[in-house]
Amino acid sequence: MLVAGEASGDLHGATLARALRGAAPGVRLYGMGGRRMAAEGVQLLIDVTAAATVGGTEAIAGVPGLYRAYRRLRAAAAGPGRPDALVVIDFPEFNLRLARAARRAGVPVAYFLPPQIWAWRPWRVRLIRRVVSLVLAVFPFETSLYRLAGVPVAFVGHPVLDALAGAPARADARKALGVDGDAPVIGLLPGSRRQEVAAVLPEMRQAAAQIAAAHPEARFLVAQAPTVDANDLAANGRPPVRVVAGRTYEVMRAADLLLVASGTATLEAALLGTPMIVCYRISRLSELLFKPLVRVPWISLANITLGRSVVPELYQRRLTGAALGREALRLLDSPTALAAQREAFGELAGALGAPGVGARAARHILDLIAAPGEPYDAGVRHAPREPISRASR
């Protein structure tokens, strides 16, 4: 059983599903995810990716739907036909509860893209130690943190490395998107959740108008996530902004500068070498609730991974269209500043592992199934056991 609740989890769950089917051709895959996981052969019992929310108070309206999803998955994970393994992907508030139910039923649990205990709410590691059989770490420094806490862990690398393997070259991306000549391209990535888009896209559009006033030749592209309706992105007025669906990596590659909502996209953009400004906004109440729990000084994975402030961040009250526009013009008018970001991004090469993340994760999951009830050792291979074939029936 594979369980993902957001667009990024669906993307990485699809990579893992493809690798599992390659390593164990008869395997049966089912659970919760989105269209990408379904396309890779996962039988979806439910899909909540389009309803994913941000913050704390913002999520209240979605609780009944998530509780219904949880009850259905709990019944499947702990019932008579329970799986040989449960693989939970990110989405920790939901997935840690499901992991608890699965472990009580004797089902081993692997956590792919585990909770960022190094960033906030570090005490969750105690729950992870009780309910997770194996953490599949995506950042190198996570390995020592989980080992010190007594949690079995294996470093597999970050799945964005697999997702970016097919990203086009800059020239090919610009050609595919119809961008001619040397006109500056500004990419707008307002996020994969409707609330994110509503919070940051208006500021991005104001910034675009400010950029266009100084650079009339500039082109503006909005990358539409699969979980966002095009109607939430469309708007009239100046400058014209083109909505591009299903081609986020092309937008990232083609752009000279990105205005991007904090999330996995910041790490993807950094690995592709595109300079950016990161922005985000949640409700004031959510900020008051969560700020005391945060242990890192940045909001973007690009800065967090590099361990220093490389890309500008505009968060909460600092995020205004005027401020975003000023910062964008500062970067666009300074080749040195843009080059400094690209140089810093070069440090990420190899730091997050190597492509083949899905295949490494699949191997560890199948090894976990082959050695039920044993403390997991990432350096030991095990022969498959009978329930692998049971899952394939």
* To do: Show the residue pairs that are 6+ apart or on different chains and have beta-carbon atoms under 6 Å apart, the first residue being within region 148-177 and at positive phi, the second being surrounded by fewer than 17 Cβ atoms within 10 Å (Cβ to Cβ) and modelled with pLDDT of 95 or more.
  => Gly150/Arg129
* Structure fact -> Residues of region 198-248 being among the charged types (D, E, K, R), more than 21 Å from the chain's Cα centre (by Cα) and not in a helix (DSSP H, G or I), in sequence order, are Glu217, Arg219, Arg238, Arg242
* Could you look through region 301-325, keep only residues that are at pLDDT 90 or above and in a loop (DSSP other than H, G, I, E, B), and pick out the one that is farthest from Ile211 (Cα to Cα)? => Arg308
* Structure fact -> If we keep only residues of region 12-53 that are in contact with a Ser or Thr (Cβ under 6 Å, 6 or more places away or on another chain) and surrounded by fewer than 24 Cβ atoms within 10 Å (Cβ to Cβ), then the residue nearest to Leu73 (Cα to Cα) is Arg28
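The values are calculated or read from the model by the stated rules, or taken from the named source; none is laboratory data. These numbers were taken from a predicted model, which means no experiment stands behind them. Neighbour counts run over all protein chains shown; Cβ positions are idealised from the backbone, glycine included.
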